[in-house]
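Here is the structure we will look at.
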Amino acid sequence: MSLHKRLKTDVLIIGTGLAAISVALHLPNGMQALLVTKGTQRQTNSMRAQGGIASAQLEKNHEAHSADTIRAAKNRTNPSTVDFVTREGRTVISELEAFGVKFDRKKQGDYAVGREGAHGIPRIFHSGGDRTGRQMMEQLLKKMNHPVLEQTVITRLLTADGRVVGAAGYEGDERIEISARAVVLASGGIGGLLLTSTNDDMITGDGLALAADVGAELSDLGYIQHHPTILVHQGKSAGLITEALRGAGAYLMTRDGRRVMDHHPEGDLAARDEVAAAITAIRKQESVYLNTTPVAQLAERFPTFVQKCEKLNINPGLVEVTTGVHFLMGGIKTNLAGQTSVAGLYAVGETASIGLHGTNRLASNSLLECFVMGKALARQLQLPPRRALPTLRPIFGCEDGVSKQQLSEVLAVELQEDRLQAALEQLTNKSFRQTGRRAEQHRLQITTARLLLEGALHRLKGEQLTNEQMAPAATT
């Protein structure tokens with residue numbers, strides 16, 4: 001096998017979303033980094049983020065934010081992690097402003113903070129209304145001075161003496177090897193593997209497969225968040241509708257005007273998993289709609305939503321919605337310095353699992369996690385001496401597997417053990433062959449799909465066991 005390009009860097013960062021950019025921005029002076037991405041540097045979920053970034057900057061302390069995070073996660077968190085992220089999160093708005101990001105303010109100058117699901121008070125900071133992710137990322141990319149390789153897919157991590165020392169893949173269709181003293185996986189979640197998702201199609205869980213290939217520990221892969229409000233147009237999903245709309249007064253209803261969340265004490269601002277479950281149950285019989293007529297200054301505050309409706313010739317006052325895969329709570333297990341169980345390998349952002357999100361991520365904690373943990377990783381990164389690049393091992397691709405539609409159906413809001421097991425069996429004992437970029441990407445996606453199905457089965461069986469243990473004993 002001929003190799004056409006060999007590169008060296010101190011830190012290889014796989015991904016160009018906020019977590020990756022935060023690492024790059026906070027690396028010590030003199031430390032070289034190279035970022036790679038499968039598509040363009042702007043094809044990230046961070047660019048698509050509408051809701052904003054959560055921060056307790058305006059509160060006396062971070063304790064209420066921490067409590068809301070744990071409650072939304074159904075208490076399945078690492079308390080020290082939650083404390084760290086929400087405490088460090090109190091300064092992120094000022095830090096982002098120092099990079100030139102501008103956050104929305106009221107006429108009198110105060111921050112125009114909003115409220116979203118499961119937050120007890122308004123603490124969501126926005127930039128450009130529902131364009132927060134794009135405006136943040138465009139500004140931060142201007143400040144980031146490390147090179148980016150676009151159209152570059154990493155298909156294998158390289159190891160020597162039990163340590164990750166680089167990666168191999170394709171830049172376009174050309175083979176490439178990159179020697180690095182540390183590799184950071186910041187490749188996002190898994191939404192691109194499924195039909196109905198808020199994610200960019202490029203986001204297919206590659207980081208999970210790469211980490212699993214070298215034996216890194218993964219956790220909580222069965223916990224996948226479905227966003228409650230995906231716009232429906234002509235029977236098909238047409239993109240995310242920000243939860244901030246419901247924070248501003250919009251509400252869910254059936255065609256006859258019945259409020260979907262009237263049964264819940266928090267109403268339309270209940271946790272995402274609870275709202276998604278309610279919508280899923282009703283949609284078995286009838287459609288669900290989002291009524292935005294109570295929202296003041298709709299076009300000014302939510303330009304992305306209104307412009308999308310206008311483009312599709314939909315009345316923005318009342319739109320049909322469904323649920324869709326949004327966020328993976330689990331991932332590659334790391335500590336608060338981003339270290340995985342494999343030397344030389346780090347993970348950050350949605351790719352990582354730090355014990356912050358439990359079974360359900362609190363709204364707008366994702367951008368917060370990316371920035372806080374990217375900075376923490378960069379500040380604590382310790383690099384070893386340079387090593388020689390190891391010999392590339394042959395890479396194989398899988399010829400077949402489950403379809404996007406089947407994976408979408410089995411990884412639904414309501415999990416069914418028999419369907420999960422059947423899909424998993426389809427991915428067992430597959431034939432492999434040596435191949436090029438496209439099939440190697442397919443291999444990564446098959447690996448990730450298998451990991452997700454195994455995680456879902458583990459979660460389902462664990463919940464069934466818990467329910468049995470909690471059931472009252474039979475009486476005679």
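The values are calculated or read from the model by the stated rules, or taken from the named source; none is laboratory data. Since this is a predicted model, take the numbers as computed values, not measurements. Reconstructed Cβ throughout: ideal geometry from the backbone, glycine too, with neighbour counts over all protein chains shown.
Quick rundown of the values:
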item	result
Filtered residues of segment 110-157 (kept if closer than 21 Å to T304 by Cβ and among the polar types (S, T, N, Q))	S127, T132, Q135, Q139
When residues of segment 276-286 are limited to those that are within 27 Å of the chain's Cα centre (by Cα) and not charged (D, E, K, R), the one farthest from I224 (Cα to Cα)	I282
Residues within segment 213-230 that are among the small types (G, A, S) and either touching a helix residue (DSSP H, G or I) at 6+ places or on another chain (Cβ under 6 Å) or not assigned by TED's automatic domain parsing to the domain that holds Q50 (or both), tallied	1
Sole residue being small (G, A, S), touching a Ser or Thr at 6+ places or on another chain (Cβ under 6 Å), under 24 Å from S408 (Cβ atoms) and assigned by TED's automatic domain parsing to the domain that holds Q339, chosen from G117, G192, G166	G192
Residue match in segment 134-151 (condition: of a type in the set (S, T, N, Q), farther than 30 Å from G30 by Cβ and assigned to a loop (DSSP other than H, G, I, E, B))	no
Residue check, P265 buried (at least 17 other Cβ atoms within 10 Å of the Cβ) and either within 24 Å of G317 (Cα to Cα) or more than 17 Å from the chain's Cα centre (by Cα) (or both)	no
Qualifying positions in segment 126-142 - in contact with a helix residue (DSSP H, G or I) (Cβ under 6 Å, 6 or more places away or on another chain) and hydroxyl-bearing (S, T, Y)	S127
Helices (runs of 4 or more DSSP H) contained entirely in segment 42-123, each with at least 3 residues that are more than 27 Å from T204 (Cα to Cα) and out of contact with any Gly (no Cβ under 8 Å at 6 or more places or on another chain)	63-72, 79-88, 92-98
Identity of the residue in segment 189-199, of a type outside the set (V, I, T) and within 17 Å of L444 (Cα to Cα), that ends up surrounded by the fewest Cβ atoms within 10 Å (Cβ to Cβ)	G192
Qualifying positions in segment 58-96 - without any contact (Cβ under 8 Å) to a residue 40 or more places away in the chain and within 12 Å of F125 (Cα to Cα)	R90, S94
Strands (runs of 3 or more DSSP E) contained in segment 309-375 and holding at least 3 residues modelled with pLDDT under 95	318-328
Condition met for I93 (at pLDDT 95 or above and either more than 26 Å from R301 (Cβ to Cβ) or touching a Cys at 6+ places or on another chain (Cβ under 7 Å) (or both))	no
Hits in segment 13-41 - residues which are in contact with a helix residue (DSSP H, G or I) (Cβ under 7 Å, 6 or more places away or on another chain), small (G, A, S) and not in a helix (DSSP H, G or I)	G17, A33
Among residues of segment 269-293, those that are part of a loop (DSSP other than H, G, I, E, B), in contact (Cβ under 8 Å) with a residue 12 or more places away in the chain and more than 19 Å from H119 (Cβ to Cβ), counted	4
Residue match in segment 53-66 (condition: modelled with pLDDT under 95, of a type in the set (S, T, N, Q), surrounded by fewer than 24 Cβ atoms within 10 Å (Cβ to Cβ) and over 12 Å from F371 (Cβ atoms))	no
Checklist (1) outside any loop (DSSP other than H, G, I, E, B); (2) under 17 Å from G374 (Cβ atoms) applied to L7, failing item	(2)
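For (1) surrounded by 19 or more Cβ atoms within 10 Å (Cβ to Cβ); (2) over 30 Å from T448 (Cβ atoms), each residue gets a yes or a no:
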position: S80; (1), (2): no, no
position: D83; (1), (2): no, yes
position: S94; (1), (2): no, yes
position: V113; (1), (2): yes, yes
position: G117; (1), (2): yes, no
position: G120; (1), (2): no, yes
position: L140; (1), (2): yes, no
position: T159; (1), (2): yes, no
position: A168; (1), (2): yes, no
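Here is a yes/no grid of residues against (1) in the same structural domain as H442 (by TED's automatic domain parsing); (2) buried (at least 23 other Cβ atoms within 10 Å of the Cβ); (3) of a type in the set (D, E, K, R); (4) touching a Phe, Trp or Tyr at 6+ places or on another chain (Cβ under 7 Å):
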site: S237; (1), (2), (3), (4): no, no, no, no
site: I241; (1), (2), (3), (4): no, yes, no, yes
site: V275; (1), (2), (3), (4): no, yes, no, no
site: I282; (1), (2), (3), (4): no, no, no, no
site: Q285; (1), (2), (3), (4): no, no, no, no
site: Q297; (1), (2), (3), (4): no, no, no, no
site: T304; (1), (2), (3), (4): no, no, no, no
